Amino acid sequence: MTKLISGFTRRGIIKTGAVGAGALAMPLVFTGSASAYTNEPTGSDVTFGFNVPQTGAYADEGADELRAYELAVEHINGGGDGGMINTMKPLSLKGNGVNGKKVVYVTGDTQTKADAARASAKSMIEKDGAVMITGGSSSGVAIAVQGLCQDAGVIFMAGLTHSNDTTGKDKKANGFRHFFNAYMSAAALAPVLKSAYGEGRNVYHLTADYTWGWTQEKSIVAATEAMGWNTVKTVLTPLTTKDFSSYIAPIIASGADTLVLNHYGGNMINSLTSAVEFGLRDKVVNGKDFQIIVPLYSRLMAQGAGANVKGIFGSTNWHWSLQDAGSQAFVKSFGQKYGRPPSQAAHTTYVQTLLYADACERSGTFNPCGVGEALEGHKFDGMGNGPTEYRAADHQCFKDVLVVKGKENPTSDFDLLEVVEVTPRAQVEYAPDHEMFAGGSLGKCNPGA
Amino acid sequence: MFEKLKNNDKLIMLGFTIMVFAGPIILAPFGAGYPDLLQRFAIFGIFAIGFNILFGLTGYLSFGHAAFLGIGSYSAMWMFKLLTMNVIPALILSVIVSGLFSVVIGYMSLRRSGIYFSILTLAFAQMSYNLAYSVFTPITNGETGLQLRLQDARILDAVNTSGSLPSPMLFGLKLNATNVVEMFGMKLQFNWGFYFCAIILIAAFYVSLRIFRSPFGLMLRAVKTNQNRLNYTGINTRPYTLGAFVISGMYAGLAGALLVCTDPLAGPERMQWTASGEVVLMTILGGVGTLIGPVIGAGVIKYSENIFSKINDKVLEGYFAMMPESISDFLVFIVSPFVGSGWHLTLGLTFMLVVTFLPGGLVEGATRIFDWLGSIGKKTKSAKPGGNTEAAE
C-alpha cells in the first residue's frame with residue numbers, strides 16, 4: 001500500500017498544513033464585529049424571512065401563510081388599503097416601513113421537515129441577512145426553528161403551531177407565539193362536547209406521532225376524563241401516513257362510541273374521509289350515536305374534507321366570518337388581493353408580522369432583546385381575537401378561543417364552519433408552570449453577534 | 001505509469017486542498033458562500049466519498065446508507081447532552097457506533113448481491129427510520145427530533161449559568177463563530193465550523209485516495225469486475241466487501257456527527273429512504289468510482305436544494321426586469337415551474353441528461369472538455385502531445 005504511493009511525506013503534509021493555516025488566519029486578523037446584534041440592518045431595507053411548508057402534508061396552509069405574509073409586508077410598507085393597520089390598537093407603525101426602513105422579504109420551503117426547515121432558516125439568516133424568521137405549520141418544525149433562532153440571535157415569530165411544547169417545555173426567549181395551543185383547545189371544547197354529547201362516552205384517539213399530536217392527545221384526554229368520559233385507546237399514526245384505513249378498522253371492534261382525530265392538514269382530510277367511508281358516523285354503539293371530533297379545525301381542512309365535516313365539532317384560532325372591525329378589514333384586503341377569504345393560518349401569520357413590526361417601531365430597534373421586551377406583556381386589540389395579551393412568562397398570547405362546527409348547509413365553498421361558542425380567555429388560561437407546560441425555561445434573550 | 005500516478009496524486013491532493021480551503025471565496029459570487037451551505041458541501045462530500053468506496057469500488061449499491069448518517073447524528077447528540085459540548089468525543093463515538101451497526105447490517109446484507117443486497121439495505125434503513133420515529137422515542141424524541149436543553153447533564157462541562165444553550169466547540173473554539181471580511185467587493189464569511197469540516201473532508205479524501213490506490217482497493221475493483229471468478233480462484237471476497245461496507249458506514253456516521261456539530265439537532269428524516277437515495281444520486285451525478293466525482297455531485301445537489309428552492313416569482317421578475325413586460329411575464333411563466341418548490345424537477349432533468357449522455361458523471365464531462373481542448377491545442381501547435389488530460393480520478 002505504501003509502496004504504490006509515496007508522494008506524501010509526513011513533513012510535506014505538515015508544511016502544507018502550516019502554510020494553509022497561515023493563509024487562513026490572514027484575513028481573520030483584520031476583522032472585528034461592528035454590529036450590536038445579528039444582521040443589524042445598515043441600508044434602507046430590513047429583511048424578514050418567511051419559512052413555510054410548500055411541499056408535504058401542510059402545503060395548503062403554507063401557501064396561505066405566504067399570501068398573508070406578502071399582504072402584511074405590503075401594508076407595513078404603506079401599500080394597499082392598510083388592512084388591520086387601520087384597526088390595530090395600540091399602533092406605532094406609520095405606514096412607511098419599520099424604523100424608517102422598507103421591509104423586504106425572502107421565502108423558503110420547510111418541506112415539513114425539521115432538517116430542511118433549519119437549513120432554510122439558516123440560509124435566510126446567514127445569506128440574506130434576515131432579522132426575523134417566521135413561519136411553520138408543524139410544531140416539530142416550529143420548535144426546531146425556534147431553537148435555531150435562539151442560537152443565532154434573531155426573533156422567531158411562530159406561525160401555525162398548536163403544540164403545548166412550543167411555549168411549554170421548548171419555549172425560548174427569542175420565540176413568540178400568537179396562535180393558541182392544545183390545552184386551550186381542550187379547555188374550550190370540553191364543556192361544549194359535554195352539553196352536546198352527554199356523559200359517559202368511550203373515546204378512541206388517533207394521534208399524529210409528533211410533539212403536537214402528543215400534547216393535544218394529552219390535553220384532550222385530561223379534559224374529557226375530567227368530565228367523566230372514558231379513554232378506550234390511543235393510537236399514534238406517522239405524520240407521513242396517507243391511507244388511514246388500517247387505523248380505522250380496529251375502532252369498530254373496540255367498543256368506542258367517539259373518535260378524536262388529533263390530525264391536521266392533509267392528515268385530517270384523509271383520516272376523516274376514511275372514517276366516514278367506513279360508516280363510523282352511521283353507527284350506534286352502546287345506544288349512542290357514533291361521533292367524531294377534530295380538536296383543531298381549519299377552513300382549509302374543511303374544504304379538503306368536503307361534506308364529511310358536517311356537524312363535526314372542533315376549535316379554531318380565528319374564522320373569517322367574525323364580525324369585528326379587525327377581522328373584516330383583514331378579510332376585505334385579503335379577498336381583494338387573492339379572491340378568497342383567509343384561513344386561520346393566514347390570519348395568525350399576518351398578525352404576527354404586524355405585531356413584530358409594531359414592536360420594532362415601539363422599541364426603535366431591531367435588536368432581539370429590545371423587540372422581545374416590547375412584546376413581553378404587550379396588550380393589544382383590534383386584530384380579530386378581541387383583547388389579547390402576550391404573556392411575559394412564556395411568550396404565549398392569551399385570548400378568546402372559538403369552538404366551531406361543520407355547517408350543515410354551507411352557502412358557499414368557503415362558508416363551511418359556524419362558530420358555536422366564543423370561549424372567554426379566563427376559561428382557557430393556565431399557570432405558566434402548569435404540568436403540561438413545565439420542564440423548560442425561556443433562558444435569556446440572545447442578540448447574537 | 002506508477003511514476004505518473006504518484007505525481008498526479010500529489011497534484012490532486014494539493015488542488016483539492018486549495019479548492020476546499022478557498023471555498024468561501026470561490027463560491028461567494030454564486031450566492032453559496034454562506035457558512036451553512038459550505039458546511040453542507042463538506043459534510044455531504046464526506047458522506048458521498050464514503051459511499052463511493054462501497055458503490056464505486058465494489059459495485060454494491062446500498063440503498064440504506066442514510067441509516068448510518070442518522071445513527072451518527074443521534075450518537076453525537078447524546079454525547080453533547082451527556083458528556084460535553086466538545087466535538088471530539090461526539091465524533092469518536094458516532095464513528096464507533098455507526099461502525100458497529102454497519103458490521104451487523106453489512107454482515108447480513110452482504111450474503112446477497114445485486115438487487116437483493118440493495119433491497120436488504122433499504123429494508124434495514126427503513127426499519128431504523130421507523131424505530132427512530134416511534135419505537136425509540138425516549139432516545140430519539142420521535143419526529144420532533146433530539147435537541148439540546150439547558151437541563152442536560154454535560155458532566156464534563158462547567159455549570160452553565162448564562163441562560164442560553166451552549167454551542168458545539170473544539171476545545172473552547174466555538175464552531176458557529178464566523179468572521180466576516182469585506183474583500184473583492186463581497187462579504188466573505190469565514191466560519192470555524194466550515195474549516196473544521198473542511199479539514200475532515202480533506203482527511204477523508206486522502207484516506208479514500210489511499211484506499212483507491214491500495215491492494216485492498218484493487219481487490220474491491222476485482223469484486224466489481226467479476227466476483228465469481230475471484231471466488232473460483234479460492235479468494236473469499238466477503239471480508240473485503242464487508243470491510244468496504246464498514247468503512248463507508250463509518251464515513252456516513254462521521255458525516256452525521258458533523259451535521260450535529262454544525263447544527264445541534266438530530267431527526268429521523270435524516271434516515272428516510274429519500275436521504276439514502278440522495279447520496280446515490282450525488283455519487284452517480286458526480287461520477288461513480290472516481291475520486292473527486294462524489295464531492296462534486298454532493299455540491300451540485302446541495303446547491304440546487306438550497307439555492308434553486310429559494311427562487312420565487314418575485315426573484316425571477318427581478319432577473320428578467322430589463323426585458324419588455326410581456327416577454328418577462330412569459331419567461332417567468334416558463335421558468336417558474338423549475339425553481340422554488342419545483343427544484344426537484346430541475347434536479348431530475350439534470351440527472352436524466354447526465355446519466356444519458358455522460359454515464360461517467362460530471363467528471364466524465366470535464367474529462368471530455370479537457371480532451372477536446374487538448375486536441376485543439378495539438379492541432380494548432382502541432383507540437384508536443386496535448387496537455388496531460390489524465391482525469392481527476
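The values are calculated or read from the model by the stated rules, or taken from the named source; none is laboratory data. Everything numeric here is computed off the predicted structure, so don't read it as measured data. Quick reminder, even Gly has a Cβ in these numbers, built from the backbone with ideal geometry, and neighbours come from all protein chains shown. These area figures cover heavy atoms from the full protein model, side chains too; ligands, DNA and RNA do not enter into them. Shrake-Rupley method; radii C 1.70, N 1.55, O 1.52, S 1.80 Å.
Solvent-accessible area per residue in chain A equals 34 Å², computed with a 1.4 angstrom probe and all protein chains kept.
Per residue of A:239-248, what is the mean number of Cβ atoms on other protein chains within 10 angstrom of that residue's Cβ? Write out the running numbers ahead of the final one.
On the way: counts 4, 4, 0, 0, 0, 0, 0, 0, 0, 0.
Per residue, the average neighbour count from other chains is 1.
Hey, what did region A:183-316 get for relative contact order, percent, Cα under 8 Å, at least 6 apart? Once divided by the residue count of region A:183-316, the mean separation gives 26 percent.
Local charge sum around A:V103 (other residues, Cβ-Cβ under 15 Å, Lys/Arg +1, Asp/Glu -1)?
Around A:V103, the charge tally is -2.
Rounded to the nearest Hz, the phi-derived 3J(HN,Hα) couplings of region A:206-218 under the Karplus curve 6.51 cos²θ - 1.76 cosθ + 1.60 (θ = phi - 60°) are 10, 10, 5, 7, 7, 3, 5, x, 4, 6, 5, 4, 4, where x marks glycine and proline. Only one residue of B:A158, B:T283, B:Y74 has its Cα farthest out toward the positive end of the dipole of region B:2-286, where Lys and Arg carry +1 and Asp and Glu -1 on Cβ, and that residue is B:T283.
Where the centroid of each part is defined by its Cα atoms, how far is region B:38-74 from region A:249-315 in Å? Cα centroid to Cα centroid, the span is 43 Å. Structure remark: mean-square fluctuation, Gaussian network model of chain B, C-alpha springs under 10 Å; the largest value among B:F63, B:F308, B:F41 belongs to B:F308. A loss of 30 Å² or more of accessible area (1.4 Å probe, protein heavy atoms, ligands and nucleic acids excluded) relative to the isolated chain is seen in these residues of region A:34-65: A:Q54.
The simple spin-label model puts a point 7 Å past each Cα toward its Cβ; for B:L14 and B:F351 those points are separated by 3.8 nm.
Once the chain from B:L150 to B:I25 is taken as fully extended at 0.36 nm per residue, the excess over their C-alpha distance is 41.4 nm.
Proximity of backbone amide H atoms, modeled 1.01 Å from N, is registered between B:F63 and B:T121, B:L122 at under 5 Å, excluding neighbours fewer than 5 places apart on the same chain. Distance from the alpha carbon centroid of region B:207-257 to that of region A:175-241 works out to 53 angstrom. Every pair of different Cα atoms in region A:183-316 enters the Kirkwood calculation, which places the hydrodynamic radius at 14.5 Å. Positive-end ranking of B:L220, B:V95, B:P359 along the dipole of chain B, with charges on Cβ about the Cα centre, is headed by B:L220. Expressed as a whole percentage, what fraction of the accessible surface of chain A belongs to carbon and sulfur atoms when a 1.4 Å probe is rolled over the protein heavy atoms? Carbon with sulfur: 53 percent of the solvent-accessible area. Once Rg and the Kirkwood radius are both taken over the C-alpha atoms of region A:338-449, their ratio Rg/Rh works out to 1.04.
Rolling a 1.4 angstrom probe over chain B with all protein chains present gives an accessible area of which 71% lies on carbon and sulfur atoms. A Gaussian network model of chain B, with springs between Cα atoms under 10 Å, assigns the largest mean-square fluctuation among B:I211, B:I46, B:I296 to B:I211.
Backbone geometry of region A:351-366 corresponds, through the Karplus equation with coefficients 6.51, -1.76 and 1.60 at θ = phi - 60°, to 3J(HN,Hα) couplings of 5, 4, 5, 5, 4, 4, 4, 5, 5, 4, 5, 5, 8, x, 8, 9 Hz, x marking Gly and Pro. Based on Cα contacts under 8 Å between residues 6+ apart, region B:2-286 shows a relative contact order of 38 percent.
Computed with a 1.4 angstrom probe on protein heavy atoms, the B-A interface buries about 4800 square angstrom of accessible area in total.
Per residue of peptide B:200-209, the mean number of Cβ atoms on other chains within 10 Å of the residue Cβ is 1.
What length, rounded to one decimal in nm, is gained on full extension from A:D415 through to A:D45, with 0.36 nm per residue of separation minus their alpha-carbon distance?
Numbers: separation 370, 0.36 × 370 = 133.20 nm, distance 3.94 nm.
Using 0.36 nm per residue and subtracting the Cα-Cα distance, I get 129.3 nm.
Round to a whole angstrom and tell me the spacing of the C-alpha centers of region A:360-416 and region B:265-321. So the two Cα centres are separated by 38 Å.
For A:A226 and B:F320, what is the calculated FRET efficiency with R₀ set at 35 Å and r taken between the beta-carbons, to the nearest 0.05?
Values: r = 60 Å, r/R0 = 1.73.
Approximately 0.05, to the nearest 0.05.
Taking the square roots of five times each eigenvalue of the Cα gyration tensor of the protein assembly as shown, the equivalent ellipsoid has semi-axes of 49, 32, 25 Å, listed largest first. Counting only residues at least eight positions apart within a chain, or on another chain, the aspartates and glutamates with an alpha carbon under 17 Å from that of A:K407 are A:D415, A:E418, A:E421. Counting only residues at least eight positions apart within a chain, or on another chain, the lysines with an alpha carbon under 25 Å from that of A:K172 are A:K113, A:K122, A:K127, A:K218, A:K379, A:K399, A:K444, B:K81, B:K174. If the Kirkwood radius is taken over C-alpha pairs of region B:2-286, then at 25 °C and 0.890 mPa s the Stokes-Einstein diffusion coefficient equals 124 µm²/s. Taken over the alpha carbons of region A:173-256 as equal point scatterers, the Debye sum produces base-10 log I(q)/I(0) values at 0.12, 0.22, 0.23 Å⁻¹ of -0.42, -1.13, -1.17. For A:I293, the residues 5 or more places off, or on other chains, whose built amide H falls under 5 Å of its own are A:L259, A:V260, A:L261.
Each residue of region A:439-447 is assigned a 3J(HN,Hα), and the resulting list reads x, x, 8, 5, x, 9, 5, 10, x Hz, derived from the Karplus form 6.51 cos²θ - 1.76 cosθ + 1.60 (θ = phi - 60°), x at Gly and Pro.
About the Cα centre of chain B, what is the dipole size in debye to 20, counting +1 per Lys and Arg Cβ and -1 per Asp and Glu Cβ, all else neutral?
On the way: 26 positive and 19 negative charges, 283 e Å.
In total the dipole reaches around 1360 debye.
Placing R0 at 22 angstrom, the Cβ-Cβ distance between A:R391 and A:D324 gives a FRET efficiency of 0.50 after rounding to 0.05. Near the amide H of A:L417, within less than 5 Å, lie the amide hydrogens of A:K407, all on another chain or at least 5 residues away, with H placed in the peptide plane.
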